[in-house]
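Trainee: Before we start, here is the structure in question, set down as structure tokens.
The values are calculated or read from the model by the stated rules, or taken from the named source; none is laboratory data. Keep in mind it's a predicted model, so treat the numbers as computed, not measured. Quick reminder, even Gly has a Cβ in these numbers, built from the backbone with ideal geometry, and neighbours come from all protein chains shown.
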Amino acid sequence: KNRYPVPPMNQLLTIFNGSTIFSKIDLRGAYNLLRIKEGDEHLTAFRTKYGSYEYLVMPFGLTNAPASFQNLVNDIFSDFLDVFVVVYLDDIMVFSSFEEENVKPVTSVLQRLRDNNLFAKASKCVFPASSVEYLGYVVSSDGLKIDSSKEAFNQFQILKEAFTTAPILSHFNPSLPAIVETYASDYALGALLSQVNDSGKNPIAFDSHKLLQAELNYAIHDKELLGIAWALKL
């Protein structure tokens, strides 16, 4: 497994201290911009009813995809990092103290992208601004705050309410269809059994499973399949 480190977000966000102007560049296609090493395409082979196929570019979901892509962008911007650029996978932030100082660094970053045949998604780029959404936070000269427009923020509020409200588990009704939902993370599996009646969707049971040492090495899609198999055996 590629152990190249993806930088911790909390460390990246502290680098903006003292900056007032920000430009954000989002790379189009992200992992798909990285070519599979010639001769290794067969390692990505998969079979469908229409035939067998191999990826020519790195697909989403590969175990080494984040590390490989972070290695690529760090190598490309090595002399810019922490000076006026922060890169987290496909999200690039150019920061400066004044607007006039932001133009030249942005130009340098765009030229570096062109030189390496990488492409930005214009609709998701911001040039320049005093406040920019980055990695789930709103970054400005005042500091950081959670982006309240994000679905994750709303879900967090729902989660807080759920933690402070006693859950009511319904009795299983064999005459109703059962819904099994599973979740897989890097370290654990989760499952929810629920049923829908006239009052809506009601939880029946929750369960979780800490991954074994061997299971920790599974690719994310294998962990998701493991979660389904584990939940159906409960």
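Trainee: Which one of 49, 104, 24 is of a type in the set (Lys, Arg) and under 18 Å from residue 137 (Cα atoms)?
Mentor: Values: 49 fails: under 18 Å from residue 137 (Cα atoms); 104 fails: under 18 Å from residue 137 (Cα atoms).
Sole residue among the options that is of a type in the set (Lys, Arg) and under 18 Å from residue 137 (Cα atoms): 24.
Trainee: Restricting the first residue to the stretch 177-204 and requiring it to be touching a residue at least 12 places away in the same chain (Cβ under 8 Å) and closer than 30 Å to residue 64 by Cβ, which pairs with a second residue that is among the basic types (Lys, Arg) and surrounded by 16 or more Cβ atoms within 10 Å (Cβ to Cβ) meet a Cβ separation below 7 Å and a spacing of at least six or different chains?
Mentor: As it stands, the answer is 184/223, since those pairs meet every condition given.
Trainee: Look at the stretch 98-129 and say how many of its residues are surrounded by 13 or more Cβ atoms within 10 Å (Cβ to Cβ) and not aliphatic (A, V, I, L, M).
Mentor: Within the stretch 98-129, the subset surrounded by 13 or more Cβ atoms within 10 Å (Cβ to Cβ) is 99, 101-103, 105-106, 108-110, 112-113, 116, 118, 120-121, 124-129.
Subset that is not aliphatic (A, V, I, L, M): 99, 101-102, 105, 108, 112, 116, 121, 124-125, 127-128.
Total satisfying the criteria: 12.
Trainee: Can you pull out the residues in the stretch 15-39 that are surrounded by 11 or more Cβ atoms within 10 Å (Cβ to Cβ), more than 20 Å from the chain's Cα centre (by Cα) and outside any strand (DSSP E or B)?
Mentor: Quick first cut of the stretch 15-39, residues surrounded by 11 or more Cβ atoms within 10 Å (Cβ to Cβ) only: 15-16, 19-36.
Next cut, more than 20 Å from the chain's Cα centre (by Cα) only: 15-16, 19-23, 35-36.
Within the stretch 15-39, 15, 16, 19, 20, 36 qualify.
Trainee: Pick from the stretch 137-168 the residues that are within 17 Å of residue 206 (Cα to Cα) and of a type in the set (A, V, I, L, M, F, W, C): which of them is modelled with the lowest pLDDT?
Mentor: So, considering only residues that are within 17 Å of residue 206 (Cα to Cα) and of a type in the set (A, V, I, L, M, F, W, C), the one modelled with the lowest pLDDT is 166.
Trainee: With the checklist (1) β-branched (Val, Ile, Thr); (2) closer than 20 Å to residue 5 by Cβ; (3) under 21 Å from the mean Cα position of the chain (by Cα) in hand, flag the one item residue 57 doesn't pass.
Mentor: For residue 57, the exception is condition (2).
Trainee: Those residues that are closer than 22 Å to residue 29 by Cα, in a loop (DSSP other than H, G, I, E, B) and out of contact with any Lys or Arg (no Cβ under 7 Å at 6 or more places or on another chain), I need them from the stretch 57-79; list them, please.
Mentor: Taking the stretch 57-79 and keeping what is closer than 22 Å to residue 29 by Cα, we get 57-78.
Then keep just the ones that are in a loop (DSSP other than H, G, I, E, B); that gives 58-64, 77-78.
58, 59, 60, 61, 62, 78 - these are the residues of the stretch 57-79 that are closer than 22 Å to residue 29 by Cα, in a loop (DSSP other than H, G, I, E, B) and out of contact with any Lys or Arg (no Cβ under 7 Å at 6 or more places or on another chain).
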